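Here the structure comes first, spelled out in structure tokens, and everything after it is commentary.
Read-outs: derived from the displayed coordinates by stated rules, not from any lab. Every value quoted in this text rests on a predicted model; they were computed, and no experiment measured them. Here Cβ is always computed from backbone atoms with ideal geometry, including for glycine, and neighbour counts include all displayed protein chains.
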Amino acid sequence: MQKIKVAVIGSAATRGCFELSSLSDLDNILEVSLLHYQSSLISIMSDPVKNVALKTGISPFTKKIMTEDFEKGIFDKLKTIMPDFVVMDFIPDITYGALRIGDAYVTNNKKKLDYAEIPENAESFTISSNQTEYAKKWAASFNRFVKQLKIVCPQTRIVVHSACFVSSYYEKNYQLKSLQRNDIQKKNKLLRTLEGLINDDDIYYIDLTHRKFHSSAMHEWKLSYLHYETKYYNEFLLEFFKLIIKTGLQDQTRDDKCRKLPFLS
């Protein structure tokens, strides 16, 4: 049986949905063929950044993320993989924004950029400091991404994960606590602002923002406002499999396999 191939672009909010669900039999159906996250969309659609050296002492994981962000080779990878779905969120654009280096952009993740020899004349470009111009450039970047993906992978469907920053978490005794942050509402509003700029009927959405979810002190990746409780990951995949069936992507074998899953029976 041919597996459904998925490419994930965005943040841990989306990656967790495919890696941390408690649902069974997923490995028999899904193959996450690409993980490209912690890159802003403006950076992804920028020209490659050249002549920026990485410092010593960088971990392999951080080096991988930074190299991918600088080299802009995502479409070559997508062409090789030919995923059935690209699932993406826009949290890196809200969390980090972009940094202009000459005529190109990289993701303005300051902790990771500490490992790079960044030119002194590099300019920060974030939605918080310049919402109007950032939103305009972001919308243009998204449209270019969709256009290029249709050329490289014409059968691939784009799914926007309407992720959100959560404001509360469960302690080890399952008591609900606040994350004690005052920027959650603003960040989520900015996420919805970017999604509102999309004007393409071929884009699909998975949106669970009408329901209340939390993080957890017991989370495998530690407590974070982007690390959700397991229930969220299960609900996301339920919606994802409904979308697969709705779009008619699966053949009869896949359809039979999906029907055997506990959460679709």
Tell me whether region 124-147 contains one or more residues that are surrounded by 17 or more Cβ atoms within 10 Å (Cβ to Cβ), farther than 30 Å from Ser216 by Cβ and small (Gly, Ala, Ser). yes
Restricting the first residue to region 25-41 and requiring it to be at negative phi, which pairs with a second residue that is part of a loop (DSSP other than H, G, I, E, B) and of a type outside the set (D, E, K, R) meet a Cβ separation below 7 Å and a spacing of at least six or different chains? Ser33/Pro83; Leu34/Pro83; Tyr37/Ser11; Ser40/Tyr96; Ser40/Gly97; Leu41/Phe90
Suppose we keep only residues that are surrounded by 18 or more Cβ atoms within 10 Å (Cβ to Cβ) and not polar (S, T, N, Q) within region 102-114. Which one would you say is farthest from Thr67 (Cα to Cα)? Tyr105
Residues of region 40-85 being touching a helix residue (DSSP H, G or I) at 6+ places or on another chain (Cβ under 7 Å) and surrounded by fewer than 15 Cβ atoms within 10 Å (Cβ to Cβ), which ones? Pro48, Lys79
Just checking, does region 87-97 include any residue being acidic (Asp, Glu) and more than 28 Å from Lys5 (Cβ to Cβ)? no
Can you find a residue that is acidic (Asp, Glu), closer than 15 Å to Leu197 by Cβ and in contact with a strand residue (DSSP E or B) (Cβ under 9 Å, 6 or more places away or on another chain) anywhere in region 118-134? yes
Could you list all residues from region 140-177 that are among the aliphatic types (A, V, I, L, M), over 26 Å from Thr80 (Cα atoms) and without any contact (Cβ under 8 Å) to a residue 60 or more places away in the chain? Leu176
So, in region 103-133, exactly how many residues are farther than 16 Å from Gln38 by Cβ and touching a Pro at 6+ places or on another chain (Cβ under 8 Å)? 1
Quick check on region 27-68: of everything there that is among the charged types (D, E, K, R) and within 20 Å of Val6 (Cα to Cα), which residue is nearest to the chain's Cα centre (by Cα)? Glu68
Hey, can you tell me all the residues within region 110-166 that are within 17 Å of the chain's Cα centre (by Cα) and of a type in the set (Phe, Trp, Tyr)? Trp138, Phe142, Phe145, Phe165
Does region 190-212 hold any residues that are surrounded by 13 or more Cβ atoms within 10 Å (Cβ to Cβ), in a loop (DSSP other than H, G, I, E, B) and of a type in the set (D, E, K, R), and which are they? Asp207
